[in-house]
Amino acid sequence: MIYLLDTTTVSDLLVNHPQAETQLSEHLALRHVVAICTPIHYEVIRGLLWKNFAKKLQTFEQKLLPRLDRVATEEADWLQAAQFWAATMKAGRQLSDMDLLLAAMAQRLDAIIVSSDDDFDALPVRRENWRL
């Protein structure tokens, strides 16, 4: 099984949310792929730099990232994200480009998105919330 982390889950892990940490440890012990994709990596870094959270940035880079696989964006992901954007806009919902790219990557990889953000429920992807 492949799990792609959203920014909300990375944030939970950086503040040592107990349920999120337990879920991460359990999935890694089962040898599931738990990954961060390039758009989410970017979103996390920019947020930590913007808020000047140097210690959290160090924790992210030195403690969390080594535990995760990395997934790069492909051209097909951008095209799928554009289709998701058009479909959700027609349905009266506007999702962030990061969420759309994450959903496109999850669809390509047949992965589960790990997020507490219910915006993903508007897309044809699977989602788990590790806060529960």
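A short reminder: the numbers here are calculations on the coordinates, not readings from a lab. Everything quoted here is computed from the prediction, not taken from an experiment. Neighbour counts run over all protein chains shown; Cβ positions are idealised from the backbone, glycine included.
Couple of notes before you dig in:
- Relative contact order computed over the chain (Cα-Cα under 8 Å; 6+ residues apart), in percent: 34
- Low-density loop positions, trypsin sites (Lys or Arg not before Pro), the range 37-123 - DSSP coil, at most 13 other Cβ in 10 Å: K51, R93
- Less than 5 angstrom separates the built amide H of V125 from none of the residues sequence-distant by 5 or more or on a different chain.
- For Y3, the residues whose modelled amide H falls within less than 5 Å of its own, excluding neighbours fewer than 5 places apart on the same chain, are V33, V34, A35, I112.
- Separation of the D97 and L79 label points, Cα + 7 Å toward Cβ, nm: 1.9
- Cα gyration tensor of the range 26-120 - equivalent ellipsoid semi-axes, whole Å, descending: 25, 18, 12
- Spacing of the modelled spin labels on A86 and A122, each 7 Å from Cα toward Cβ, amounts to 1.7 nm.
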